[in-house]
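Take a look at the structure set out below.
Every number here is computed from the coordinates shown, using simple stated rules; none is lab data. Quick caveat: nothing in here was measured; it's all calculated off a predicted structure. Positions of Cβ are generated from backbone atoms using ideal geometry, with glycine treated the same way; all protein chains shown enter the neighbour counts.
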Amino acid sequence: VREVEEISLLLPQVEENILNIGKFHTIVRLVAFSPFKSAQSALENVNAISEGILHEDLRLLLETNLPAKKKKTLLGVSDAKIGAAIQEELGYQCQTGGVVAEITRGIRLHFHTLVKGLTAQSASKAQLGLGHSYSRAKVKFNVNRVDNMIIQSISLLDQLDKDINTFSMRVREWYGYHFPELIKIVSDNYTYCRLAKCIGNRKELSEERLEALEEIVMDSAKAQAILDASRSSMGMDISPIDLINIESFSSRVISLSEYRKGLQEYLRSKMGQVAPSLSALIGEVVGARLISHAGSLTNLAKYPASTVQILGAEKALFRALKTRGNTPKYGLIFHSTFIGRAATRNKGRISRYLANKCTIASRIDCFSDVPTSVFGDKLREQVEERLAFYETGEPPRKNLDVMKEAMVEVRGLGMGLRCWGSQGPSNPDSLLQENETEPKKKKKRKHQETSLDENGLAEEPLPKKQKKLAQEEPSQSDKKKKKKKVHEED
């Protein structure tokens, strides 16, 4: 506590000395300065620092100017990651935070006064140019940039569903004052908005517009029911200006619904390009929701199957852990068709199996060079077989056989597939062959050798202690015999 109080008392004094140039020069003295050779070199150094890697230029500067006695030297570093890298590779003790941060801020503030020939304007220009280059490089080389389109699309799709539902209910309530019987005849929101725009004033509806109603409803009996209901409706009369507003609002809802259909097609095509196996296995919408919840396809591929299983049910999980209740069996994958088709007692088992296959599909999509939906189709077949196994008891195929069939299909389509392992890129065929040729480790079975006595009966196995004693007894008798021989010879 005393040390913390001393540091808190020193910090205001350090801040005052940093703001004053004269006092700052008494604290800090420039020993060595190594300018960047080019803008590309500066960008490489900044990228290395952001990733916590010690660059060769920084290593050379430190090794040249720091004293040889490493144990007695304390190096102040503003970033904790690069400080840990320096301490690990060079052996210098590093300190971050506290007074170091204030001194670094002062160096940044008065840097143009420490270096001869450098003005404040040129220093700010150099910093701004380097910042723009760093940001541009981060955006350009973002591995998750393709996933961002999927994440934004599924978020917009969910928002559109909520808005269209709210607006449709508003149209139903508004137009229901004039034609309340239409709500019971037509249940679909999109169709109701189209009918409200087409009918307008119900008193002007005649048999001439029956064909137009049939085109919207796609049912002649329902169109006739609408016509009959309009003649005997209990609704109130409506003014032309109110009718214009209702028709305008209905057209907006119709345009939003049509835009939603186009957005769903865009999402389907994008998922086919980015994650074809995952979309073939679990569907485009559920797969996109998994990617959105994980943050990117790479993050989803890093998750274990147990995390994917309850992804989206975090509140229920922590509530169950807090109250010591039953943990949830599924999260976002509940919206797939497989869990709904499974029996109640098998829902947890199929959700665990489906999460396992989703993890495999996401890793194939993330780390394969050529996107293909062959593996997703095969994994979907496996889930179908597992469902049939739970219902009928028919044994499913082995995973190795299914993957072999998938590789044959991929080879037949003329696609070169490369996967990434722990030692870099490798061929999936070689991995399958390694699994086949790898010898199975068999447990060594201890066979107890039974010896027969004179009567031809098997002797009972002795315990470990008795076995040791039995082995020691003959050795002791041999020693006695040797001693007797030695005495006789003497």
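Judged by the gyration tensor of its Cα atoms, with axes a ≥ b ≥ c, the range 62-212 is prolate; a/c meets the 1.5 cut and a/b is the larger of a/b and b/c.
Given Lys315/Lys378; Lys347/Lys398; Lys162/Lys302; Lys23/Lys72; Lys302/Lys378, which pairs have Cα atoms separated by over 24 Å? Please list the in-between numbers first.
Working: Lys315/Lys378 33 Å; Lys347/Lys398 22 Å; Lys162/Lys302 31 Å; Lys23/Lys72 26 Å; Lys302/Lys378 22 Å.
Too far apart for the 24 Å limit: Lys315/Lys378; Lys162/Lys302; Lys23/Lys72.
Put simply, when 269-279, 392-402, 246-256 are sorted by average Cβ atoms within 10 angstrom per residue, most first, you get 269-279, 246-256, 392-402.
Modelled this way, with points 7 Å down the Cα-to-C-beta line, the labels at Phe111 and Ser78 are 0.7 nm from one another. Taking 0.36 nm per residue of separation and subtracting the current Cα-Cα distance, fully stretching the chain between Leu118 and His25 would add 31.8 nm. Highest mean packing first, where packing is the average number of other Cβ atoms within 10 Å per residue, the peptides 352-365, 113-126 line up as 352-365, 113-126. The label point for Glu384 and the one for Glu102, both projected 7 Å from the Cα toward the Cβ, are 7.1 nm apart.
For Arg324 and Phe33, the difference between the fully extended length at 0.36 nm per residue and the C-alpha to C-alpha distance is 98.7 nm. Computed from the C-beta positions of Asn201 and Leu66, the FRET efficiency with R₀ = 60 Å rounds to 0.10. Between the beta carbons of Arg231 and Met169, assuming R0 = 22 Å, the FRET efficiency works out to 0.25 to the nearest 0.05.
Roughly speaking, what is the stretch gain from Thr344 to Gln264, that is 0.36 nm per residue apart minus the C-alpha to C-alpha distance, in nm to one decimal? Write down the numbers at each step before the final one.
Numbers: separation 80, 0.36 × 80 = 28.80 nm, distance 3.13 nm.
Difference between extended and current length: 25.7 nm.
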